[in-house]
Amino acid sequence: MLTPPPPQGRSFSPTESNGQKGYLLEALRIRPATDDDPDPVARHVTATPHEAIRTIRTQLHTGEPLGLSSHDLAHARRQAESEVWVHALAALHRDEPCGFLLGLRDGGQIEWHVRPLTYVTLGGA
């Protein structure tokens, strides 16, 4: 991890970190019966676990950017209202990753992964 130089007049310990906490949310579409790599659908960094889960639930409700059929969209909306989200939030608050899988009518799947991360914001000139 790169660290910035210490501010003037302040000592800087190598164990200090200027990293910010965030949550990496990735969604992948897995096509049925193909050897192709999964297609990335979405990638976001959110500030809180609640924001990450809200983003997934919004994608399930709207179908965007997932490109779901009307049948799969109805199934996705039911999943968005399930209670699994409480367990996901608890895991993220413990700094543990979580994942979700939505089975599609054509045999494909959409996978979401949310991982806690620490990142450094680089300042501009």
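Summary of values
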quantity	calculated
Total formal charge among the other residues, if their Cβ is under 11 angstrom from that of Thr48, Lys/Arg +1 and Asp/Glu -1	+1
Accessible area, probe 1.4 Å, largest first, for residues Thr46, Thr58	Thr58, Thr46
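The values are calculated or read from the model by the stated rules, or taken from the named source; none is laboratory data. Computed from a prediction, not measured in an experiment: that's the story for all the values here. As a convention, Cβ positions derive from the backbone with ideal geometry for all residues, glycine included, and neighbour counts pool all protein chains shown. Ligands, DNA and RNA are stripped out before the accessible areas are found, and what is left, the full protein with its side chains, is counted by its heavy atoms. Shrake-Rupley method; radii C 1.70, N 1.55, O 1.52, S 1.80 Å.
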